Amino acid sequence: MAQALHVVHQLPGRVRLRTSGEALTADELTRLTEAIARLPGVIACVGRLVTGSLIVEHEGDFSALADQAASQGLFELAEAPEPKPVGLIAEEGLTYADLRLRELSNGQFDLRSTLGTLLIGLAVLQLARGQIVGPAMTLLLQSLDLLTRSR
């Protein structure tokens, strides 16, 4: 069965492909990379395990190369998956940061209390600079909101 790949980025003579489903194992990626490299018109093919992608340098039209790869059962071009919304990516990152902070501090700190404490420190710095009304009050109010908000 041919691997489903989608085009991530394409320039004349160069294309980056990524799996549309589950990530490839190191052995699968190596086999696929070597098989694509042997196709006529392919100058080089490099597999990137960390990103789960293949970079194919080629001559001529990539669609003809993709048709040839599909006929040999190497890969078929698929539609790229919908990207995650930026807000969801940010939320996942903050959740991960919170979990790691709790883990590293043995439950003593979480992201909310750490940020609240940092904002209080910044407010004290602004007070020391004599900037009481604007920056210091804003930072203090934001820190209090973070520290007293129910989870």
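We did not get these values from a lab; they are worked out from the coordinates using the rules stated. None of the values given here were measured: they were computed from a predicted structure. Neighbour counts are summed over all protein chains in view; Cβ atoms, including those assigned to glycine, are modelled from backbone coordinates with ideal geometry.
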* Asked: Points 7 angstrom from Cα along the Cβ direction at Glu59 and Thr30: gap in nanometres?
  -> 2.9 nm
* **Contour minus Cα-Cα distance for Gln10 and Leu125 (0.36 nm per residue)** => 36.5 nm
* To do: Could you list the residues of segment 110-151 with an amide nitrogen less than 16 Å from a label point located 7 Å from the Cα of Asp98 in the Cα-to-C-beta direction?
  => 110-117, 145-151
* Debye, to nearest 20: dipole size of segment 3-77, +1 on Lys, Arg Cβ, -1 on Asp, Glu Cβ -> 200 debye
* Please work out the C-alpha center-to-center distance from segment 109-142 to segment 12-55 and express it in whole Å. => 50 Å
* Structure fact -> Short to long, in 10 Å steps from zero, the percent of alpha-carbon pairs of segment 3-77 per bin is 21, 63, 16
* Asked: What percentage of all Cα-Cα pairs in the chain are separated by more than 28 Å?
  -> 50 percent
* If the label point is 7 Å along Cα→Cβ of Ala44, which residues in segment 56-79 have backbone nitrogen under 17 Å from it? -> 56-60
* Asked: Under a point-charge model restricted to the Cβ atoms of Lys and Arg (+1) and Asp and Glu (-1), what is the dipole moment magnitude of the chain relative to its Cα centre, in debye to the nearest 20?
  -> 780 debye
* Asked: How do Phe75, Phe109 line up, fewest other C-beta atoms within 10 Å first?
  -> Phe109, Phe75
* **the chain, relative contact order in percent, only Cα pairs under 8 angstrom and at least six apart counted** => 19 percent
